[in-house]
Each structure stands twice: as structure tokens, then as C-alpha cells.
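A short worksheet on the structure shown next.
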Amino acid sequence: PSEIVEGDSVTLNCSSDSNPPAEISWFNGGMFVASGRIYNIAKISSDHSGEYKCKSRNELGEKYSDAVTLNV
């Protein structure tokens, strides 16, 4: 993974091809941080470091993605 420097812009993308369509949520260390397929952090700081996962959920169930770790 490339080096992330404080002040950088970072975009995390979560794709889901579930049917029916899924609702996407983003978590950092288990805490909810955003909803939607794309999570954009305009000015990243060390506060944003951690392990990110996206969760897709529909009436059939829910599934977490593999974790993405950001080191700022």
C-alpha cells in the first residue's frame, strides 16, 4: 500500500452486486463512519487511521468486506 500523508484525499470504494440491491455502510474499528458505496475523506489526518470495512446489507442478510488498513 502507498504512503498516506496528512492532508491527502482518500477515496474508499465498496462494490456490491447483490440482488436485491444492498445498503452499504462503512466502519472504522467497528464504529459507523459513513453510508454509501463511496467513502471520501477530503483531508485525512491521523485520526482517520485504522481498519476500515464496508458492510452490505439487504433483506437476505449482511456481509462485511475484507478490511482495508489506513496508516496516516
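Does residue 32 fit the bill of being open to solvent by 80 Å² or more (accessible area, probe 1.4 Å) and under 11 Å from residue 55 (Cα atoms)? Judged against the criteria, residue 32 is a match.
Scoring residue 4 on the criteria (1) among the aliphatic types (A, V, I, L, M); (2) free of Cβ contacts under 8 Å to residues at least 60 places away in the same chain; (3) open to solvent by less than 40 Å² (accessible area, probe 1.4 Å) leaves a single failure, condition (2).
Quick check, is residue 63 open to solvent by 80 Å² or more (accessible area, probe 1.4 Å), at pLDDT 90 or above and of a type outside the set (A, V, I, L, M, F, W, C)? The answer is yes for residue 63. Look at segment 28-57: where a residue is on the phi > 0 side of the Ramachandran plot and a partner is part of a loop (DSSP other than H, G, I, E, B), sitting 6+ places away or on another chain with Cβ atoms under 6 Å, you get 50/29. Right, residue 25: of a type in the set (Ser, Thr, Tyr), open to solvent by 30 Å² or more (accessible area, probe 1.4 Å) and either at pLDDT 95 or above or not in a strand (DSSP E or B) (or both) or not? When the stated conditions are applied, residue 25 does not pass them. If you go through segment 46-66 and keep only what is in a loop (DSSP other than H, G, I, E, B) and under 22 Å from residue 7 (Cα atoms), you end up with just 49. Here residue 43 clears all of (1) open to solvent by 50 Å² or more (accessible area, probe 1.4 Å); (2) assigned to a strand (DSSP E or B); (3) touching a Gly at 6+ places or on another chain (Cβ under 9 Å); (4) not hydroxyl-bearing (Ser, Thr, Tyr) except the condition numbered (2).
Can you say whether residue 52 is open to solvent by less than 40 Å² (accessible area, probe 1.4 Å) and hydroxyl-bearing (Ser, Thr, Tyr), as far as the supplied structure shows?
Judged against the criteria, residue 52 is a match.
The values are calculated or read from the model by the stated rules, or taken from the named source; none is laboratory data. Only a predicted model underlies this, so the values are computations on that prediction, with no experimental measurement involved. Here the Cβ is made from the backbone with ideal geometry for all residues, glycine too, and neighbour counts use every protein chain on show. Quick note on the areas: whole protein, heavy atoms, side chains included, nothing else; ligands and nucleic acids left out. Shrake-Rupley method; radii C 1.70, N 1.55, O 1.52, S 1.80 Å.
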